[in-house]
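Undergrad: Before we start, here is the structure in question, set down as structure tokens.
The values are calculated or read from the model by the stated rules, or taken from the named source; none is laboratory data. Predicted model only: the values in this text are computed from it and were never measured. Ideal geometry is used to build each Cβ from the backbone, glycine not excepted, and the neighbour counts take in all protein chains shown. Ligands, DNA and RNA are stripped out before the accessible areas are found, and what is left, the full protein with its side chains, is counted by its heavy atoms. Shrake-Rupley method; radii C 1.70, N 1.55, O 1.52, S 1.80 Å.
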Amino acid sequence: MIDYSLYLVTGRELLPQGQDYFDSLEQSLQGGVTVVQIREKNTDTSEFLDIALRSKAICDRHNVPMIVNDRVDIALAVQASGVHVGQTDMPVSIARKLLPRGTVIGVSCNNIQELDKAISDGVDYVGIGAVWSTTTKTLNKPVVGVRGVGELLRKLDGTSVKAVGIGGIKLKNLLRTLHGSVSTTNRALDGVAVVSEIVASTRPREAAAKLCEVLSTFRSGGSIIKAMRTRSEYTAGSVIDGVIQIMNCVRDHNPLVHQITNNVSIAQSANATIALGASPIMATTVQEMEDISRINGALLVNIGTLVPTAYEGMVVAGSCANAQKKPVVFDPVGVGASHFRQSSVNTLLDTWQASVIKGNAGELAALAGSNEVQSKGVDTIGSGFKDPVSFARNLARKERCVVVMSGKIDYISDGTNVAVLSNGHQLLGQITGSGCIAGSCIASHCAGAMILAQGEDKEGKLVIGDVFLGAIGGILALTISAELAALREDVKGPGTFFPALIDELFTLTPRSIQERARIQIQ
Ligand code: 3NM
Ligand code: MG
């Protein structure tokens, strides 16, 4: 049985100046590589054979299996453990006939058709890629993306076919790659294949060892629950206690909340953020994203008015926030309204890991590719899903984050628990930007949750802080403040409601939350 965990594909042309190929291979194995593929693209047969033989001897000493790329004859000659074939190489059925029994055959797959074919051909493993873009190989097919890999993995249910991801996998995106590349049925990758991250390193032993460390962290606690640091058990009471703690923490610490939002609701969002005790920074320029990610408490990305400069900022800001393990709240406003929004949302979610995705039923249906709920512009048509609890839970599992489905009733799920909240007031629907304000409230509370979790172990976490509680707290703060605002005698309609809402957010007390929260955990 091959351990596919850390699959090294060789690439002599990427070796740093002065680095010997065999020495690099030896070091990579010392660092913990679990399987090696010898890949030679422009090498004469006799030289290839020589390299394969000498590589095999090194792998043998480490008891690590060696696979040969493409060349069944070379694999036979050196008694390799396996052969890896591309889509245009030797067909699997013929390779199978030529090779001794027990020789492993792997195939590169980029899409569902190729995967189906590989499974029916009886391959032992598939290399799914490219997961990220890469310059190591010229790609002539689209990048799959971590979410795409997750979807493909579902096809492997009920088979014994193993899977590795390949293409652009680096130490810095490994945890995200592993965490994101999981099917809704919880099928994860068996390993990752890398070329440049190890081969191009001047210290291949350390490079491999670091990758191994992340792999084992993921395996020891890589569930969606642990990676997002939400507990598996919540009660309505414990949630309210947690929310109040977060709310107080926001007021005590005044965290910076970076918001790239739309130009319709930018002022409302900033005002709501201040009222909650946080501090908004509405920066959109690419050049300042990295600096801001170091000092901010959370990032909100809202695509309401998706102009090119803001979009570029979103791509970079989310990646920087991920690198700093800061919460990322994503509001895919009106994602169903145009193909442009749909493809932009896909790119963003393939680039970074959201911690919370918030939308109304129509938006989340569009995001999930469901046609159960239609939308018009940014609004939902009709009442929503037949089974909103399951929908929210499944989408959270698919997107590997907390999902907030807003509406008359709000459903919030971390992929296991679903909090059903029924606070709010109809006047919220009669001002512009209440959904965007909800995003700001969630981001502010996620920033508070992150501060509360400071000092805790960051190992293996995609984000610091309980973003499930952050999401619930943000929604409760807004909806309860809305109820209180609507009760005021001076509020006569939407015009007077908005300033009253800001006042109520500003003066919201733990007691109001305790008394008014209508929450159920399912
Ligand atoms: N196959 P790096 S991508 C050999 O998509 C290979 O099938 C790919 O190199 C595929 O880890 C790739 O340096 C190169 O990005 C991967
Ligand atoms: Mg090939």
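Undergrad: Over the chain, what relative contact order in percent results from Cα pairs under 8 Å that are six or more residues apart?
TA: 13 percent.
Undergrad: Counting only protein heavy atoms and a 1.4 Å probe, tell me what percentage of segment 124-204's accessible area is made up of carbon and sulfur.
TA: In segment 124-204, the share of accessible area belonging to carbon and sulfur is 48 percent.
Undergrad: I'd like the FRET efficiency for Q374 and M282, computed as 1/(1 + (r/R0)^6) with the beta carbon distance as r and R0 of 41 Å, rounded to 0.05.
TA: 0.80
Undergrad: Quick one: ranking F22, F506 by accessible area, 1.4 Å probe, largest first, what do you get?
TA: The ordering from most to least exposed comes out as F506, F22.
Undergrad: Shifting gears a bit: Return an integer: the convex hull volume of the alpha-carbon atoms of segment 249-346, in Å³ per residue.
TA: Per residue, the Cα convex hull of segment 249-346 comes to 88 Å³.
Undergrad: Working from the alpha-carbon coordinates of segment 227-521, get Rg over Rh, Rh being the Kirkwood radius.
TA: 0.93
Undergrad: By a straight-distance test (C-alpha under 16 Å), which lysines pair with K172 as possible cross-link partners, with residues fewer than eight away in the same chain excluded?
TA: Output for K172: K210, K325, K326, K458, K461.
Undergrad: Just to make sure I understand: if all protein chains stay in place, what is the order of R518, R187 by accessible area at 1.4 Å, largest first?
TA: Putting R518, R187 in descending order of accessible area: R518, R187.
Undergrad: Also, I was wondering about something else. Give the percent of DSSP beta bridges with both residues in segment 227-521 that are antiparallel, rounded to the nearest 5.
TA: Expressed as a percentage, antiparallel bridges in segment 227-521 total about 40.
Undergrad: For A163, which sequence-distant residues (separation of 5 or more, or a different chain) have an amide H within less than 5 Å of its own amide H, given hydrogens modelled in the peptide plane?
TA: Amide H neighbours of A163, under 5 Å, 5+ apart: V126, D190, G191.
Undergrad: Would you give the gap between the C-alpha center of segment 249-282 and the C-alpha center of segment 172-225, rounded to a whole Å?
TA: Spelled out, the Cα-based centre of one part sits 35 Å from the other.
Undergrad: Another question, if that's okay. So for H84, H339, H253, what's the accessible-area order with a 1.4 Å probe, most first?
TA: Solvent-accessible surface, decreasing: H339, H253, H84.
Undergrad: Sticking with this one: Would you kindly find the accessible area of E456, with a 1.4 Å probe and non-protein molecules such as ligands, DNA and RNA excluded, rounding to the nearest 10 Å²?
TA: 80
Undergrad: Could you go through segment 136-146 in sequence order and give the Karplus-derived ³J(HN,Hα) for each residue, using 6.51 cos²θ - 1.76 cosθ + 1.60 with θ = phi - 60°, rounded to whole Hz, and x for Gly and Pro?
TA: Once rounded to whole Hz, the list reads 5, 10, 6, 8, 10, 10, x, 5, 6, x, 4.
Undergrad: With just the Cα atoms defining each centre, how far is segment 451-495 from segment 355-429? Give it in Å.
TA: Value for the Cα centre distance between the two parts: 17 Å.
Undergrad: Return the equivalent ellipsoid semi-axes of segment 406-521 as a descending list in whole Å, where each equals the square root of 5 times an eigenvalue of the C-alpha gyration tensor.
TA: Gyration-tensor ellipsoid for segment 406-521: 28, 15, 13 Å.
Undergrad: Non-local amide H neighbours of S375 (under 5 Å, H modeled in plane, Pro and chain starts lacking H): which ones?
TA: So S375 has HN proximity to I381.
Undergrad: Another question, then. Can you give me the long-range amide H partners of K141? Hydrogens built in the peptide plane at 1.01 Å from N, cutoff under 5 Å, separation of 5 or more residues or another chain.
TA: none
Undergrad: Using a cut-off of 20 Å between alpha-carbon atoms, which aspartates and glutamates can reach K117, once sequence neighbours fewer than 8 places away in the same chain are excluded?
TA: D70, D89, E151, D157, D190
Undergrad: Same structure again: With a 1.4 Å probe and all protein chains kept in place, how much accessible area does L462 have, in Å² rounded to the nearest 10?
TA: 20
Undergrad: Then there's this: For the chain, just list the percent of Cα-Cα distances falling in each 10 Å bin from zero outward, please.
TA: Percent of Cα pairs in each bin: 4, 19, 27, 21, 14, 9, 4, 1, 0.
Undergrad: Of the DSSP beta bridges with both residues in the chain, give the percent that are antiparallel, rounding to the nearest 5.
TA: DSSP beta bridges in the chain are roughly 25 percent antiparallel.
Undergrad: At a threshold of 8 angstrom on Cα-Cα distance, excluding pairs fewer than six apart, so keeping six or more, what relative contact order does segment 227-521 reach in percent?
TA: Over segment 227-521, the number comes to 23 percent.
Undergrad: Using the Cα gyration tensor of segment 6-220, with a ≥ b ≥ c the square roots of its eigenvalues, what is the shape: rounded (a/c below 1.5), prolate (a/b larger than b/c) or oblate (neither)?
TA: The shape class here is oblate.
Undergrad: Decide, for segment 38-130, between rounded, prolate and oblate: order the square roots of the alpha carbon gyration tensor eigenvalues as a ≥ b ≥ c, take rounded if a/c falls under 1.5, and otherwise choose prolate if a/b is larger than b/c, else oblate.
TA: Prolate shape, in that a/c is at least 1.5 and a/b is the bigger ratio.
Undergrad: Which listed residue (T507, G129, Q79) has the Cα farthest towards the positive end of the charge dipole for the chain, taking +1 on Lys and Arg C-beta and -1 on Asp and Glu C-beta about the Cα centre?
TA: The one lying farthest along the dipole's positive direction is Q79.
Undergrad: Would you mind working out the accessible area per residue for segment 96-233, using a 1.4 Å probe, and quoting it in Å²?
TA: 45
Undergrad: Taking θ = phi - 60°, what integer Hz values does the Karplus form 6.51 cos²θ - 1.76 cosθ + 1.60 yield along segment 417-430, in sequence order, with x for Gly and Pro?
TA: For segment 417-430, the Karplus-derived couplings read 7, 10, 8, 10, 10, 10, 8, x, 8, 4, 4, 4, x, 10 Hz, x marking Gly and Pro.
Undergrad: Now for a different question. Where a ≥ b ≥ c are the square roots of the eigenvalues of the C-alpha gyration tensor, would you call segment 22-86 rounded, which needs a/c under 1.5, or, failing that, prolate if a/b is larger than b/c, or oblate?
TA: Since a/c reaches 1.5 and a/b is larger than b/c, the shape of segment 22-86 is classed as prolate.
Undergrad: Let me ask something else about it. Please list 3J(HN,Hα) in residue order for segment 356-373, calculated via the Karplus relation 6.51 cos²θ - 1.76 cosθ + 1.60 where θ = phi - 60°; whole Hz, with x for glycine and proline.
TA: Using θ = phi - 60°, the values come out as 9, 10, 10, x, 7, 4, x, 5, 5, 4, 4, 4, 7, x, 9, 10, 5, 10 Hz.
Undergrad: While we're here: Given +1 on the Cβ of Lys and Arg, -1 on the Cβ of Asp and Glu, and no further charges, what dipole in debye does segment 6-220 carry about its Cα centre, rounded to the nearest 20?
TA: The calculation lands at about 580 debye.
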